[in-house]
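Chemist: Just dropping this structure here.
The values are calculated or read from the model by the stated rules, or taken from the named source; none is laboratory data. Just so it is clear, the model here is predicted, and its values are computed rather than measured. Here the Cβ positions follow ideal geometry from the backbone for every residue, glycine too, while neighbour counts run over all protein chains shown. Please note that ligands, DNA and RNA were not included when accessible areas were found on the heavy atoms of the full protein model with its side chains. Shrake-Rupley method; radii C 1.70, N 1.55, O 1.52, S 1.80 Å.
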Amino acid sequence: MHEKLSAIYDNVLRRNPGEIEFHQAVREVLESIGPVLGKHPEYAESKIIERICEPERQIIFRVPWEDDQGEVQINRGFRVEFNSALGPYKGGLRFHPSVYLGIVKFLGFEQIFKNGLTGLPIGGGKGGSDFDPKGRSEREVMRFCQSFMTELYRHIGEYTDVPAGDIGVGQREVGFLFGQYKRITNRYESGVITGKGLSYGGAQVRTEATGYGCTFFVEEMLKARGTSFDGKRVVVSGAGNVAIYTIEKVAQLGGVVVACSDSSGYVLDEGGIDVALLKQVKQVERGRLDSYAKRRGGEAVFVPGRSVWEVSCEVAMPSATQNEITGRDAETLVRGGCVAVGEGANMPTTPEGVRVFQEAGVAFGPGKAANAGGVATSALEMQQNASRDSWSFEYSEQRLRDIMTDIHTRCLATADEYGMPGDYVAGANIDGFRRVADAMLALGLV
Ligand code: NDP
Ligand code: 2IT
């Protein structure tokens, strides 16, 4: 790491003790942007990097709610409003028992550069709670969401901060959250949250956008190497929103997804995952993958408690959670013939894993670039809400495809400009950083 950046990083460690995921995310960006400082001394002079590493505002609040037994439960809510140089804070909400400030800050930090890369007018933020939706009834989830919004509403708004979904927060939760916002404020302010249902201001393709977008990004990486998805053996981790629509789009482009996973284990289905059955089990029934394997019959097997990254493939698309591909997993994947990785999840590959892929010459698309289709389509939802319009599925999907192609092109062009051809990590970090840094400079010391 560049000497100046190393001192900044030490300061980040000191000021944010114990927040290891945040440290990891900061380090990854600082390791890429050294060469930018040489060309642009004005960034260092204005302390742009120190400013970027410090959230503009961090909100932590109590979320009391009553479960179905009438017992009071207390959770902790977070919203980190990280950077608003490019637009209102924008980023999802995660409901998972592992959520604490360090996770929210890592996600919010990544979001700044990801949103910059999309070229759309959105700043970076993230939020969530340590609430565990697993095993909770729909009414419990509703009461939790209402309590969460009863505090959050005062901090958000169409021009201020616009949340959306992430792990554990899908269309159902967004509906409960938006309903409570509307009730408290007496405003039908559609643009206050994205990922809404189509019947109340949602946008076509937002549900599919992260998975479809990641698949389009990988398609571009494969094209740049003279190949395509056609006939490729693909493994996708997770079985949630991002994973399901990745599997759907990969199959449409001719790839064969042979495995996916959830927190209970993975399913290996050499015939190719049956997306309709997967949606039934995971989205409709909110069940587990062993149920998929039982009903699918044939060759499908459920492997409990093991990592899906032991399954060999040509293309890996991690779409579950952070740090799920270790250095050792990456070595196994490379030995098994993996040529491309597209990160549907945020930071799913450990730094050791990234190093293994890059040294092996694997086309590695980092989350900031590869999964930006979700938030980009959220920005399109905001655009439709602002103009009280709604676009067709086909038009929206084409817009998404164009955005992903453009991000891919800019990552490669920026990597070339800095003498690191084919390095999508450097390309994404530098391009995203420059966009935010230039806006911060223009706005003065705010
Ligand atoms: P979902 O809640 O819809 O699905 C998450 C999936 O990952 C589930 O199958 C879940 O298993 C599994 N999973 C989650 N946490 C763990 C864990 N700690 N260990 C093992 N498995 C786990 O979330 P999304 O699909 O929306 O999000 C997946 C990833 O994509 C996250 O990293 C998120 O930040 C990222 N992302 C999401 C975007 C979006 O638009 N939704 C946009 C960009 C990135 P189980 O079913 O058992 O719970
Ligand atoms: O990580 C992400 O980019 C998201 N969870 C989506 C954020 C959004 O505002 O759509």
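Chemist: Within the set of pairs 6+ apart or on separate chains, which have a first residue in the stretch 206-235 that is open to solvent by 40 Å² or more (accessible area, probe 1.4 Å), a second that is in a helix (DSSP H, G or I) and of a type in the set (A, V, I, L, M), and C-beta atoms under 6 Å apart?
Modeler: Ser228/Leu222
Chemist: Kindly check whether there is at least one residue in the stretch 22-37 that is under 17 Å from Gly128 (Cβ atoms), within 19 Å of the chain's Cα centre (by Cα) and either surrounded by fewer than 19 Cβ atoms within 10 Å (Cβ to Cβ) or at pLDDT 95 or above (or both).
Modeler: yes
Chemist: Specify which of the listed residues (Ala426, Ala413) is within 18 Å of Gly365 (Cβ to Cβ), aliphatic (A, V, I, L, M) and open to solvent by less than 10 Å² (accessible area, probe 1.4 Å).
Modeler: Values: Ala413 fails: open to solvent by less than 10 Å² (accessible area, probe 1.4 Å).
Only one candidate passes the filter, namely Ala426.
Chemist: Related question: Looking at the stretch 182-197, which of the residues that are in contact (Cβ under 8 Å) with a residue 60 or more places away in the chain and either away from ligand 1 (no atom under 16 Å from the Cβ) or more than 22 Å from the chain's Cα centre (by Cα) (or both) is least open to solvent (accessible area, probe 1.4 Å)?
Modeler: Gly191
Chemist: Using beta carbons and a limit of 6 Å, which pairs, at least six apart or on different chains, have the first residue in the stretch 18-32 and under 10 Å from Glu110 (Cα atoms) and the second one assigned to a helix (DSSP H, G or I)?
Modeler: Every condition considered, the pairs that remain are Phe22/Gly102; Phe22/Lys105; Phe22/Phe106; Ala25/Phe106; Ala25/Phe109; Ala25/Glu110; Val26/Val12; Val29/Asn429.
Chemist: For the stretch 110-135, what are the residues that are farther than 17 Å from Asp161 by Cβ, in contact (Cβ under 8 Å) with a residue 12 or more places away in the chain and part of a loop (DSSP other than H, G, I, E, B)?
Modeler: Within the stretch 110-135, Gly119, Asp130, Phe131, Asp132, Pro133 meet the criteria.
Chemist: Would you say Thr215 is within 22 Å of Asp402 (Cβ to Cβ) and either within 14 Å of ligand 2 (Cβ to nearest atom) or at pLDDT below 95 (or both)?
Modeler: When the stated conditions are applied, Thr215 does not pass them.
Chemist: Just for the stretch 346-357: of the residues that are within 16 Å of Ala25 (Cα to Cα) and open to solvent by 10 Å² or more (accessible area, probe 1.4 Å), which one is nearest to ligand 2 (Cβ to nearest atom)?
Modeler: Looking at residues that are within 16 Å of Ala25 (Cα to Cα) and open to solvent by 10 Å² or more (accessible area, probe 1.4 Å), I get Asn346.
Chemist: Go through the residues of the stretch 328-349 one by one and say whether even a single one is acidic (Asp, Glu), under 20 Å from Ile407 (Cα atoms) and in contact with a helix residue (DSSP H, G or I) (Cβ under 9 Å, 6 or more places away or on another chain).
Modeler: yes
Chemist: Continuing with the same structure: Ala360 passes all but one of (1) among the hydrophobic types (A, V, I, L, M, F, W, C); (2) surrounded by 17 or more Cβ atoms within 10 Å (Cβ to Cβ); (3) away from ligand 1 (no atom under 16 Å from the Cβ); which number fails?
Modeler: If we test Ala360 against (1) among the hydrophobic types (A, V, I, L, M, F, W, C); (2) surrounded by 17 or more Cβ atoms within 10 Å (Cβ to Cβ); (3) away from ligand 1 (no atom under 16 Å from the Cβ), just (2) comes out false.
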